[in-house]
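The structure appears below as structure tokens.
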Amino acid sequence: MTYLSPHFTLDELTLSQTAARMGIDNTPTAAALAALQRTALGLEAVRMRLGGAPIGVSSGYRCLTLNRAIGSKDGSQHVLGEAADFTAPRFGSPRQIVDALVDSDVPYDQLILEFGRWVHISFATQPRRTAFAIDRNGVGPLTA
């Protein structure tokens, strides 16, 4: 098992049921692997901010073929290895997670509350620190 950080493995950040079902090789490129290391370290900072609550990653790296297979945009940061979708039920709801992270010192690029069901976070080399919500009506600001 290859650990990218104390709590996150390469397998965990590349696992995809869709890839397995469709026979897609989701092995990251060298550049994506370096970005995944940064993402894992960012997730460690998230975990600390959440009081050490375990994080369940539902989607990390997605090769372009996999990303297209699930209907995501080619420009997704998942393709670069810079993004992860997650929940942390022991901490609280996805909304509570976003609220805890939005003004924290966690160096995120994008923080997105997706459909109220999970959190998308990305870690770019030059973080923009943008936060918003996506729901069935589209993209919008985080509202109380």
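Looking at the structure I just gave you, is Ala144 assigned to a loop (DSSP other than H, G, I, E, B), modelled with pLDDT under 95 and either open to solvent by 50 Å² or more (accessible area, probe 1.4 Å) or within 21 Å of Arg38 (Cβ to Cβ) (or both)? Break it down stepwise before answering.
Working: assigned to a loop (DSSP other than H, G, I, E, B): yes; modelled with pLDDT under 95: yes; either open to solvent by 50 Å² or more (accessible area, probe 1.4 Å) or within 21 Å of Arg38 (Cβ to Cβ) (or both): yes.
For Ala144, the condition - assigned to a loop (DSSP other than H, G, I, E, B), modelled with pLDDT under 95 and either open to solvent by 50 Å² or more (accessible area, probe 1.4 Å) or within 21 Å of Arg38 (Cβ to Cβ) (or both) - is met.
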The condition from (1) of a type outside the set (A, V, I, L, M); (2) touching a Pro at 6+ places or on another chain (Cβ under 7 Å); (3) open to solvent by less than 50 Å² (accessible area, probe 1.4 Å) that Pro107 misses is numbered (3)
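Would you tally the residues in the range 49-59 being part of a loop (DSSP other than H, G, I, E, B), within 19 Å of Arg129 (Cα to Cα) and either out of contact with any Lys or Arg (no Cβ under 9 Å at 6 or more places or on another chain) or open to solvent by 20 Å² or more (accessible area, probe 1.4 Å) (or both)?
So the first thing to find is which residues in the range 49-59 are part of a loop (DSSP other than H, G, I, E, B), and the list is 50-55.
Now narrow it down to the ones that are within 19 Å of Arg129 (Cα to Cα): 50.
With either out of contact with any Lys or Arg (no Cβ under 9 Å at 6 or more places or on another chain) or open to solvent by 20 Å² or more (accessible area, probe 1.4 Å) (or both) added as a condition, the list becomes none.
Matching residues across the range 49-59 total 0.
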Scanning for something in contact (Cβ under 8 Å) with a residue 24 or more places away in the chain, out of contact with any strand residue (DSSP E or B) (no Cβ under 9 Å at 6 or more places or on another chain) and crowded, with 21+ Cβ neighbours inside 10 Å, does the range 21-31 turn up at least one residue?
-> no
Matching entry among Ala19, Ala84, Ala100, Ala34 (being in a helix (DSSP H, G or I), within 17 Å of Val119 (Cα to Cα) and not basic (Lys, Arg)) | Ala100
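Could you say whether any residue in the range 58-65 is closer than 20 Å to Ala124 by Cβ, among the hydroxyl-bearing types (Ser, Thr, Tyr) and touching a Pro at 6+ places or on another chain (Cβ under 7 Å)? Explain how you work it out, then say what you get.
Within the range 58-65, the first condition is being closer than 20 Å to Ala124 by Cβ, and the residues that meet it are 59-64.
After this cut, where a residue has to be among the hydroxyl-bearing types (Ser, Thr, Tyr) as well, the list is 59, 61.
Then keep just the ones that are touching a Pro at 6+ places or on another chain (Cβ under 7 Å); that gives 61.
Yes, there is a match, as at least one residue in the range 58-65 is closer than 20 Å to Ala124 by Cβ, among the hydroxyl-bearing types (Ser, Thr, Tyr) and touching a Pro at 6+ places or on another chain (Cβ under 7 Å).
Gly71 - would you say it is assigned to a loop (DSSP other than H, G, I, E, B), surrounded by fewer than 14 Cβ atoms within 10 Å (Cβ to Cβ), in contact with a Ser or Thr (Cβ under 9 Å, 6 or more places away or on another chain) and on the phi > 0 side of the Ramachandran plot?
no
For every residue, the table says whether it meets (1) of a type in the set (A, V, I, L, M, F, W, C); (2) buried (at least 21 other Cβ atoms within 10 Å of the Cβ); (3) touching a residue at least 40 places away in the same chain (Cβ under 8 Å).
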position: Leu66; (1), (2), (3): yes, yes, yes
position: Ala83; (1), (2), (3): yes, yes, yes
position: Arg95; (1), (2), (3): no, no, no
position: Asp99; (1), (2), (3): no, no, no
position: Leu111; (1), (2), (3): yes, yes, no
position: Phe115; (1), (2), (3): yes, no, no
position: Pro127; (1), (2), (3): no, no, no
position: Ile134; (1), (2), (3): yes, no, no
position: Gly140; (1), (2), (3): no, no, no
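The values are calculated or read from the model by the stated rules, or taken from the named source; none is laboratory data. Remember, predicted model here, so these are calculated numbers, not experimental data. Backbone-built Cβ (ideal geometry, glycine too); neighbour counts: all protein chains shown. Heavy atoms of the whole protein, side chains included, go into the accessibility calculation; ligands, DNA and RNA do not. Shrake-Rupley method; radii C 1.70, N 1.55, O 1.52, S 1.80 Å.
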